[in-house]
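Trainee: Please read through the structure below; I'll follow up with questions.
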Amino acid sequence: MIKNTSIIILLFLSLSCTQNAAKKETENEDFPLYTPTWTSLQRHQTPQWLKDAKFGIYTHFSLESMQFKEGNGNKYKHELIDEFTFENFDAKKWAELFERSGAKFAGPVAWHGSGMVHWDSDITKLDVVDIGPKQDVTGLLKKEITKRNMKFLMSFHPGYWYNALLDNENPGREMPEFQELYGPAHDQAITRFTPWKDHVEKQSKYSASYRNLWLKKMKEAVNKYSPDISWTDVSFGGTVWSHNVGKFKNGKAISDSLYFNGFDERRQRLYLSHFFNNALKHNKEVAFVYKEHDISPGIGMRNFENGLIDKLAYDTWMTDIDICHPVSWWYKPNMDIKKADLLIDMLVDVTSKNRILLLNVPPKPDGTFAQFIKDELYQVGDWLKLNGEAIYGTMPWSIYGEGPSILPQTGHYSEKKDNASYNELDFRFTQKDNLLYAICLGIPKGEVVIHSLGSNARLYPGDILSIELLGSDAAIQYEHNPYDLTLQMPDDYHGNFACVFKIHRKP
């Protein structure tokens, strides 16, 4: 009996040791759940918090910001370093503006257009702590943004290699101290070059040394700041550059001369596995956002650059829209911007189509935001305070909307000039639990007719229990017939922008 008991105890101890060893191995930070293969990475899921957020803000600033100051138009980037002081930058005021605007996530363009990064780097001296602003812009913003319960985004636009043929007379390219700022000089014999058309014959791809440096910097950004969203620009994969129009469409090669000027798949996978595993280490859910075909499907969230679509999407997309009008991405003197009315209509439109709006709001070269930009954002925020329940945490309905307005252009880069416009006959639909929101992209008067909501369509007779208008105490009179839903607009409604009818449905 004693012998049998001893055997049982030994077996129990052996099993316990095996389980503990497995647990330690799983908990070991060097043991990755994600390996650098597309098969492994595809298991990562875009978090629900991003799908619920709907609206975020990011900011374009860098050495390029200084080029738009008076007298700087012909200066090279290395000549602008001493001017990039961001002397009036205040992370607290930035975060307060983002929060008041109604954004649920926000962050800086952390790397743009040169070898200089906007964080405190141990890899390079070309950072905002060693030169330029002399302060950790990214770190300060993360502290203030997350303090306000917003998620933190870092966007990466590092493709400076391509500038070589655009400024091959730049003396800074021959200076060793600026080699990393610009990337190495190359293809110097080529003097006439159209970068969006002539890449195949006239441009080199990234060197191995630059790709290695890129990966080190990207991993460092993750290690130091653990962003909730990593957003990458066209240089990540290069598939949606406009030079590929007519050569690559909807994932199909339609030319025998493709040129993808981005990073190789191996380093893409190494970065993504590092980003996802870092999130596991910090017990957080993160999102990766990329341009349409830059990686294999099913990993992260796809993005249209400054573009809208005219259809309901069945996987959640993001679109980054520039507030500048026409598009410039940077603050410029005497610039025009999209007004609150259009920004709200765009937000409603993209939400109804299963999209998320990321709005670019550029600061002035001194690091502050212009009052005329803040005024429009305040109005967006005020609208969301009243009507945000029709946006945040919603999902699309099976019909995204109705109305006469159309988008003359769609897809990547379609919102370059005057494109999107809406009126009081345009409706968009969102839903949450037993609520259906019918959002009018204007302020209608008198009788309001919504054809999509007739009982011959999705809403059967008796499905509607009651209707209210957000921002109004008036009882909404309505008639639900086979052909439409007819409402009576209250005479005393004083909203300025899109108005929201909240329809209570039978469970």
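Trainee: Count charges around Arg267 for me, please; just the other residues with Cβ under 15 Å from its Cβ, Lys/Arg as +1, Asp/Glu as -1.
Mentor: Details: positive: Lys205, Arg211, Lys216, Lys217, Lys219, Arg266, Arg269; negative: Glu220, Asp264, Glu265, Asp294.
With Lys, Arg at +1 and Asp, Glu at -1, the neighbours total +3.
Trainee: Something else about it: How far is it, in nm, from the label point at Leu465 to the one at Gln42 when both lie 7 Å from their Cα along the line to the Cβ?
Mentor: Distance between the two pseudo-spin positions: 4.2 nm.
Trainee: Sticking with this structure for a sec: With point charges of +1 on the Cβ of Lys and Arg and -1 on the Cβ of Asp and Glu, referenced to the Cα centre of the range 308-392, which listed residue (Pro365, Cys324, Leu342) lies farthest in the positive direction of the dipole?
Mentor: Farthest towards the positive end: Pro365.
Trainee: Do you know the relative contact order of the range 74-150, to the nearest whole percent, from alpha carbon pairs under 8 angstrom that are 6+ apart? It would help to have the intermediate numbers written out before the result.
Mentor: Numbers: 83 pairs, mean separation 27.4, N = 77.
It comes to 36 percent, rounded to a whole number.
Trainee: Filter Lys125/Lys291; Lys134/Lys217; Lys75/Lys134; Lys205/Lys332; Lys92/Lys374; Lys219/Lys416 down to the pairs with a C-alpha to C-alpha distance above 26 Å, please. Show your work: numbers first, answer last.
Mentor: Details: Lys125/Lys291 29 Å; Lys134/Lys217 19 Å; Lys75/Lys134 21 Å; Lys205/Lys332 32 Å; Lys92/Lys374 15 Å; Lys219/Lys416 33 Å.
Lys125/Lys291; Lys205/Lys332; Lys219/Lys416, as the Cα separations exceed 26 Å there.
Trainee: Given 0.36 nm per residue, what is the gain on full extension from Lys281 to Asp90 after removing their alpha carbon distance, in nm?
Mentor: Working: separation 191, 0.36 × 191 = 68.76 nm, distance 3.07 nm.
Full extension of this stretch gives 65.7 nm more.
Trainee: So for the pair Tyr493, Lys339, with labels modelled 7 Å out along Cα→Cβ, what separation do we get in nm?
Mentor: Here the modelled spin labels are 2.0 nm apart.
Trainee: Give the long-range amide H neighbours of Gly102: residues separated by 5 or more places, or on another chain, with amide H under 5 Å away, using H modelled in the peptide plane at 1.01 Å from N.
Mentor: none
Trainee: So what are the ³J(HN,Hα) numbers for the range 275-287, from phi and the Karplus equation (6.51, -1.76, 1.60; θ = phi - 60°), rounded to whole Hz, Gly and Pro as x?
Mentor: Here the 3J(HN,Hα) series is 4, 5, 5, 4, 5, 4, 4, 9, 6, 9, 9, 10, 10 Hz.
Trainee: Calculate one ³J(HN,Hα) per residue across the range 117-128 by plugging θ = phi - 60° into the Karplus curve 6.51 cos²θ - 1.76 cosθ + 1.60, and present them in order as whole Hz with x for glycine and proline.
Mentor: Per-residue couplings from phi come out as 10, 9, 9, 7, 9, 9, 8, 9, 8, 8, 9, 6 Hz.
Trainee: Using DSSP to call loops (not H, G, I, E or B), can you name the chymotrypsin sites (Phe, Trp or Tyr not before Pro) in the range 409-456 whose Cβ has at most 15 other Cβ atoms within 10 angstrom? Before the final figure, lay out each step's value.
Mentor: Numbers: sites: Tyr413, Tyr422, Phe427, Phe429, Tyr437; in loops: Tyr413, Tyr422.
Sites meeting the loop and neighbour criteria: Tyr413.
Trainee: Which of these values of semi-axes √(5λ) of the Cα gyration tensor in Å was calculated from the structure shown: [x] 44, 25, 22; [y] 41, 35, 23; [z] 40, 32, 20?
Mentor: Label [y] holds the value from this structure.
Trainee: Taking Cα centroids, how far is the range 299-318 from the range 397-414 in Å?
Mentor: Cα centroid to Cα centroid, the span is 12 Å.
Trainee: Between the range 430-507 and the range 354-381, what is the separation of their alpha carbon centroids in Å?
Mentor: Cα centroid to Cα centroid, the span is 31 Å.
Trainee: So who's got an amide H within less than 5 Å of the one on Ser414, skipping anything under 5 residues away but keeping other chains? H placed 1.01 Å off N, in plane.
Mentor: Amide H to amide H, under 5 Å and 5 or more residues apart or across chains, Ser414 pairs with Gly307, Leu308.
Trainee: Rounded to the nearest 20 debye, what is the charge dipole size of the chain about its Cα centre when +1 sits on each Lys and Arg Cβ and -1 on each Asp and Glu Cβ? Write down the numbers at each step before the final one.
Mentor: Working: 58 positive and 65 negative charges, 336 e Å.
It comes to approximately 1620 debye.
Trainee: Summing Lys, Arg as +1 and Asp, Glu as -1, what charge do residues with Cβ under 9 Å from the Cβ of Gly132 carry, Gly132 excluded? Display every interim value, and only then the final one.
Mentor: Details: positive: Lys134; negative: Asp82, Glu83, Asp127, Asp130.
Here the charged neighbours net out to -3.
Trainee: Taking H as built 1.01 Å from N, whose amide H comes closer than 5 Å to the amide H of Met318, not counting residues under 5 places away?
Mentor: Arg302, Asn303, Phe304, Ile356
Trainee: Something else: Once each part is reduced to its C-alpha centroid, what is the distance from the range 44-114 to the range 221-284 in angstrom?
Mentor: A separation of 21 Å, based on Cα centres.
Trainee: If you don't mind, another one. Step through the residues of the range 496-505 one at a time and calculate ³J(HN,Hα) from phi using the Karplus curve (6.51 cos²θ - 1.76 cosθ + 1.60, θ = phi - 60°), rounding each to whole Hz and writing x for Gly and Pro.
Mentor: 9, 10, 3, 10, 10, 9, 9, 9, 8, 9
Trainee: From the protein chains alone at 1.4 Å, what is the descending order of accessible area for His44, His282, largest first? Don't skip to the end; give the middle numbers.
Mentor: Working: His44 20, His282 90 Å².
The ordering from most to least exposed comes out as His282, His44.
The values are calculated or read from the model by the stated rules, or taken from the named source; none is laboratory data. For clarity, every value in this text was computed on a predicted model and none was experimentally measured. All Cβ positions, glycine included, derive from the backbone under ideal geometry; neighbour counts span all protein chains shown. Surface accessibility is based on the protein's heavy atoms, side chains included, excluding ligands, DNA and RNA. Shrake-Rupley method; radii C 1.70, N 1.55, O 1.52, S 1.80 Å.
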